[in-house]
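Right, one structure below, let's go through it.
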Amino acid sequence: MLTICDAQVCYGAHSAFSHFSLNAKRGEMISIVGKSGCGKTSLLYAIAGLIPLSQGSSTIGGGSTNCSLMFQQDRLLPWKKVEENVMLGLGPESREYAQSLLALVGLGHRKNSYPSQLSGGERQRVALARSLVRKPGLLLLDEPFASLDEQTRERLQEEIKRYVKQHGITLLLVTHSIKEAVFMGERIIVMTPQGLSYETTNPYHEYEDIRSNTDAFSLEKELRLQLGGFQ
């Protein structure tokens, strides 16, 4: 589905990241963690084609080139209602599906509201629904749950994890939360500006009690060690 070979992104003389390689299978859920400034967001932008690679290659295959990126900022259009923001660029035939996605993120009742009438967390949830509306084969999420309260965050993590699995979507999730990385990712990658520094599979990904499982806690501890105490 996604193949990245020896990729590098530079901004002038500054290298955001280099020597990054990754193979992601169709339907695989991958979490990427790393310290601020290690190039995680730049990696997603390069995969989505928003910025060029300075070196290496990134190829989306598997019969689908439909890639969707959710930015850290919600980037909603303030003059359009919530439902219109989700359906941006789509026709009326997508309305019912857009409404189902708003219901998925708990905002079906706010479809006729404007972004200015929403909280920061609600705006983030609208952006999440918009990232799903085109039924992507590859979904890139950049800190999608960062603005949410704990209860809403955990519920949405469960809903998105279930949705992605049901639809066979390949997921790359960038997060600063190790707990979130372990909950969401079948595979977890620790990224540095020099590339991929550590990678592990997550045997607890399908556990129903993953949030309280002591073995999963051990994996979180190992990831913290790899990140030098980073939370």
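Below, the figures for the structure above:
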| quantity | calculated |
| --- | --- |
| Tally, over segment 34-82, of residues that are more than 23 Å from His19 (Cβ to Cβ) and among the basic types (Lys, Arg) | 3 |
| Pairs with Cβ under 6 Å, 6+ apart, first in segment 217-229 and assigned to a helix (DSSP H, G or I), second surrounded by 11 or more Cβ atoms within 10 Å (Cβ to Cβ) | Leu219/Val182; Glu220/Ile178; Glu220/Val182; Leu223/Ile178; Gln226/Val190; Gln226/Tyr198 |
| Residues of segment 96-123 that turn out to be in a helix (DSSP H, G or I) and either touching a helix residue (DSSP H, G or I) at 6+ places or on another chain (Cβ under 7 Å) or in the same structural domain as Lys161 (by TED's automatic domain parsing) (or both), as a count | 11 |
| Hits in segment 75-94 - residues which are at pLDDT 95 or above, among the charged types (D, E, K, R) and assigned to a helix (DSSP H, G or I) | Glu83, Glu84 |
| Qualifying residue in segment 138-151 (condition: closer than 30 Å to Lys221 by Cα and free of Cβ contacts under 8 Å to residues at least 24 places away in the same chain) | yes |
| So Thr200, is it among the β-branched types (Val, Ile, Thr), farther than 19 Å from Ile32 by Cα and over 17 Å from the mean Cα position of the chain (by Cα) | no |
| Residue match in segment 156-165 (condition: surrounded by 14 or more Cβ atoms within 10 Å (Cβ to Cβ) and in a loop (DSSP other than H, G, I, E, B)) | no |
| Test: residue in segment 23-38 that is surrounded by fewer than 17 Cβ atoms within 10 Å (Cβ to Cβ), outside any loop (DSSP other than H, G, I, E, B) and either of a type outside the set (Val, Ile, Thr) or outside the structural domain of Glu143 (by TED's automatic domain parsing) (or both) | yes |
| Lone qualifier among Ser58, Ser68, Ser18 - being under 30 Å from Arg162 (Cα atoms), in a strand (DSSP E or B) and touching a residue at least 60 places away in the same chain (Cβ under 8 Å) | Ser68 |
| Yes/no for Leu141 being in contact with an Asp or Glu (Cβ under 7 Å, 6 or more places away or on another chain), closer than 27 Å to Met29 by Cα and either assigned by TED's automatic domain parsing to the domain that holds Glu158 or hydrophobic (A, V, I, L, M, F, W, C) (or both) | no |
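Listed here are the residues, each with its yes/no results for (1) over 14 Å from the mean Cα position of the chain (by Cα); (2) under 18 Å from Leu107 (Cα atoms); (3) surrounded by fewer than 17 Cβ atoms within 10 Å (Cβ to Cβ).
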position: Arg123; (1), (2), (3): yes, yes, no
position: Leu128; (1), (2), (3): no, yes, no
position: Val133; (1), (2), (3): yes, yes, no
position: Gly168; (1), (2), (3): yes, no, yes
position: Val174; (1), (2), (3): no, no, no
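The values are calculated or read from the model by the stated rules, or taken from the named source; none is laboratory data. Since we're looking at a predicted model, the values are computed, not measured. A quick note on method: Cβ atoms are made from the backbone with ideal geometry, for glycine too, and the neighbour counts reach across all protein chains shown.
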